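First comes the structure, then the notes that go with it.
The values are calculated or read from the model by the stated rules, or taken from the named source; none is laboratory data. Since we're looking at a predicted model, the values are computed, not measured. A quick note on method: Cβ atoms are made from the backbone with ideal geometry, for glycine too, and the neighbour counts reach across all protein chains shown.
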Amino acid sequence: MQNQNIRPFFYFLVALFLIITSQALFADTMFVDGLIYATIAKNLAEGKGTFWNLHFTNTFMSEFHEHPPLAMGLESIYFKLFGTSRFVEKFYSLTTCLLVVFGIMKLWIQLGFKKSTRWSPILFWMFVPVIFWSCNNNLLENTLVIFTTFSVYFALKSTTKKPYYYLILAGLMLSFGFLTKGFVAFFPLSYFFFSWLFERKYSFIKMVKHTLLFLIFSIVPLAIVWFISPEAKLSLWNYFQIQVVKSLETIVTVESRFFIVKRMFSEMILPIVIALIFYFSYFKKRVELRLTKEQRATSFTFLALGLSAVLPIMVSMKQSGFYILTAYPFFAIAVANFVSPQLTAFTNSLTLTAKVNKRFRNVSLGFLVIGIALAFLSTSKYGKDEVKVKDMRVIFNQLPKNSTISICPVMNEDWALHSYYQRYKSVSLDYDFHNKHRYLLIRPSECTDFQIPSEYKEVKLKTIEYKLYKLN
């Protein structure tokens, strides 16, 4: 089948993505975690902090070791190349999602499926609701899932040719994954075990050998960095103490350890419904649509691999739905594999005749134009921080770049506020009134118990919620 015959499938998928995400794709706000990472990446591009000693603001986490630095280091390249426009982090986030799509397709083809059906696992991955949200919000997991997906791709490839070469690449991907989000990157090490358990394509001894080599090639690059760079060693040790130890001992964000499992099932409802629609659409047709024993085994392998990314998170009470983004490429492949005969039949029905293919292409292109238009319209939209951002842009006319201003103490816990002011004008916020700064920012509805010092006079501005004061 010619590649041009399946292009409408990709036009259609891109169109759906743009239409569904159009409200937030290029909006002028972002989820606070992604905003923090963008701010740190921008600072690194401007020479504030170093790769192993990242910098947030002058007054708030001036040394940032909450996470390993690789994702923010990679994003800083975008800021160096494209400047500090508010769209830079959006484009970086979209780039990571495109690379994940590429990785899923490479895995699908490596599993032996025809190129004409490589759109199908993308469909199931894309309809996991959190995927749309994550592609808009610059999460560390967006970068991490690139490395975990390609690590499994290279691991799979090592079973067919050049085992050492591809295992080195697979291990290197996990090293990069660790430098992105830490220990959660290592779940692909279970791939050979699950493949042996369900598919039995190689012996137990070979499985153990490949797993050990996979582990060694993952750890060696990290060990080299640890021993040759004191700055890297200190950075990673600080990350371990701040993020890993505290999340296990003290940090609680959910009421039950099963939160992550429940969230996984809720996110997978829509892909499963779509798979069932494909299955029952061809159920009564006289077509051989049964899975082979090998195909069923492959689906179980990838289901188990996805679960290996989810279940270990239950050891901690610090959980969030986006922590398991790395699992969804493997779940998508497993689901697509279960209904692969139906998907092949569907693909053929839309591409075998030029007339039907042309109609599908025209419909897909029409939706794509609509999606692109809606995406551009989103540039004038705001999210939940609309008032905060609008007031900030008015207040920025008064503030020098790279300055520090005072805030009332209760506002210090507003991470988004710190991020917006640092991200867009390199302004640091200081709640300590022993350090008297020229300007004072308050939000009256929040700072109800705060007494404004008499030496500050209000600057009359057309703001909605925030007020700016200046020393007499």
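Is there any pair linking a residue in segment 384-413 that is in the same structural domain as E458 (by TED's automatic domain parsing) to one that is of a type in the set (K, R) and not in a helix (DSSP H, G or I), with Cβ under 8 Å and at least six apart or on different chains, and which?
These pairs meet every condition: V394/K462; Q398/K470; S403/R438; I405/R438; S406/K436; C408/R443; M411/R443.
Of the residues that sit in segment 281-305 and are more than 33 Å from the chain's Cα centre (by Cα) and assigned to a helix (DSSP H, G or I), which one is modelled with the lowest pLDDT? Steps first, please.
Here is the first cut: in segment 281-305, the ones more than 33 Å from the chain's Cα centre (by Cα) are 281-290, 292-293.
With the extra rule that they be assigned to a helix (DSSP H, G or I), the set shrinks to 281, 293.
On the way: S281: 82, K293: 86.
Ranking the qualifying residues of segment 281-305, first place goes to S281.
So which of Y466, Y456 is closer than 30 Å to F26 by Cβ and not hydrophobic (A, V, I, L, M, F, W, C)? Don't jump to the end; show me each part of the working.
Working: Y456 fails: closer than 30 Å to F26 by Cβ.
Criteria check complete, one pass: Y466.
Cβ-Cβ below 9 Å, separation at least six or inter-chain, first residue in segment 461-472 and part of a loop (DSSP other than H, G, I, E, B), second among the acidic types (D, E) and surrounded by 18 or more Cβ atoms within 10 Å (Cβ to Cβ): which pairs?
L461/D391; T463/D391; I464/D391; E465/D391; Y466/D391
Counting only residues that are touching a Pro at 6+ places or on another chain (Cβ under 8 Å) and outside any loop (DSSP other than H, G, I, E, B), how many does segment 437-460 have? Full working, then the answer.
If we filter segment 437-460 for residues that are touching a Pro at 6+ places or on another chain (Cβ under 8 Å), which is where we start, we get 440, 450.
Narrowing further to those that are outside any loop (DSSP other than H, G, I, E, B): 440.
Residues in segment 437-460 being touching a Pro at 6+ places or on another chain (Cβ under 8 Å) and outside any loop (DSSP other than H, G, I, E, B): 1 in total.
Report yes if some residue within segment 65-76 is in a loop (DSSP other than H, G, I, E, B) and of a type in the set (D, E); otherwise report no. Step through it out loud before you land on a result.
Of the residues in segment 65-76, the ones in a loop (DSSP other than H, G, I, E, B) are 65-69.
So of that shortlist, the ones also of a type in the set (D, E) come out as 66.
Yes, there is a match, as at least one residue in segment 65-76 is in a loop (DSSP other than H, G, I, E, B) and of a type in the set (D, E).
Which count do you get for residues in segment 22-55 that are in contact with a His (Cβ under 7 Å, 6 or more places away or on another chain) and not in a helix (DSSP H, G or I)?
Residues that pass the stated criteria total 2.
Go through segment 424-472 and count every residue that is surrounded by fewer than 17 Cβ atoms within 10 Å (Cβ to Cβ), under 35 Å from the mean Cα position of the chain (by Cα) and among the small types (G, A, S).
Going through segment 424-472 one residue at a time, the tally reaches 1.
Please specify each residue of segment 14-58 satisfying the condition of being surrounded by fewer than 21 Cβ atoms within 10 Å (Cβ to Cβ), β-branched (V, I, T) and more than 17 Å from E231 (Cβ to Cβ).
Matches in segment 14-58: V14, I19, I20, T29, V32.
Looking at I370, I395, I324, which one is at pLDDT 90 or above, touching a strand residue (DSSP E or B) at 6+ places or on another chain (Cβ under 9 Å) and either not in a helix (DSSP H, G or I) or not acidic (D, E) (or both)?
Working: I370 fails: touching a strand residue (DSSP E or B) at 6+ places or on another chain (Cβ under 9 Å); I324 fails: touching a strand residue (DSSP E or B) at 6+ places or on another chain (Cβ under 9 Å).
One residue alone meets the criteria, I395.
Any residue at all in segment 260-270 that is over 20 Å from the mean Cα position of the chain (by Cα) and of a type in the set (F, W, Y)?
Among the residues of segment 260-270, not one is over 20 Å from the mean Cα position of the chain (by Cα) and of a type in the set (F, W, Y), which makes the answer no.
Output the number of residues of segment 138-163 satisfying the condition of being surrounded by fewer than 24 Cβ atoms within 10 Å (Cβ to Cβ) and not in a helix (DSSP H, G or I).
Going through segment 138-163 one residue at a time, the tally reaches 5.
Kindly indicate the residue of segment 100-119 that is over 20 Å from the mean Cα position of the chain (by Cα) and part of a helix (DSSP H, G or I) and also surrounded by the fewest Cβ atoms within 10 Å (Cβ to Cβ) among those meeting that condition.
Of all residues in segment 100-119, those over 20 Å from the mean Cα position of the chain (by Cα) come to 108-119.
Applying the additional criterion that residues be part of a helix (DSSP H, G or I) yields 108-110, 115-117.
Working: W108: 25, I109: 14, Q110: 15, K115: 12, S116: 18, T117: 21.
Across segment 100-119, the extreme among qualifying residues is K115.
Considering only residues that are within 27 Å of the chain's Cα centre (by Cα) and either under 17 Å from L189 (Cα atoms) or of a type in the set (D, E) (or both), which ones fall in segment 211-234?
T211, F214, L215, I216, F217, S218, I219, V220, P221, L222, E231 - these are the residues of segment 211-234 that are within 27 Å of the chain's Cα centre (by Cα) and either under 17 Å from L189 (Cα atoms) or of a type in the set (D, E) (or both).
Would you mention how many residues in segment 409-436 are assigned to a loop (DSSP other than H, G, I, E, B), at pLDDT below 95 and not charged (D, E, K, R)?
The number of residues fulfilling the criteria is 4.
Taking the stated definitions as given, is K384 closer than 26 Å to M61 by Cα, assigned to a loop (DSSP other than H, G, I, E, B) and basic (K, R)? Break it down into steps so the answer makes sense when it comes.
Details: closer than 26 Å to M61 by Cα: yes; assigned to a loop (DSSP other than H, G, I, E, B): yes; basic (K, R): yes.
Yes; evaluated as a whole, the condition is true for this residue.
Could you identify the single residue in F132, F113, F82 that is modelled with pLDDT of 95 or more and of a type outside the set (A, V, I, L, M)?
Numbers: F132 fails: modelled with pLDDT of 95 or more; F113 fails: modelled with pLDDT of 95 or more.
Exactly one of F132, F113, F82 is modelled with pLDDT of 95 or more and of a type outside the set (A, V, I, L, M), namely F82.
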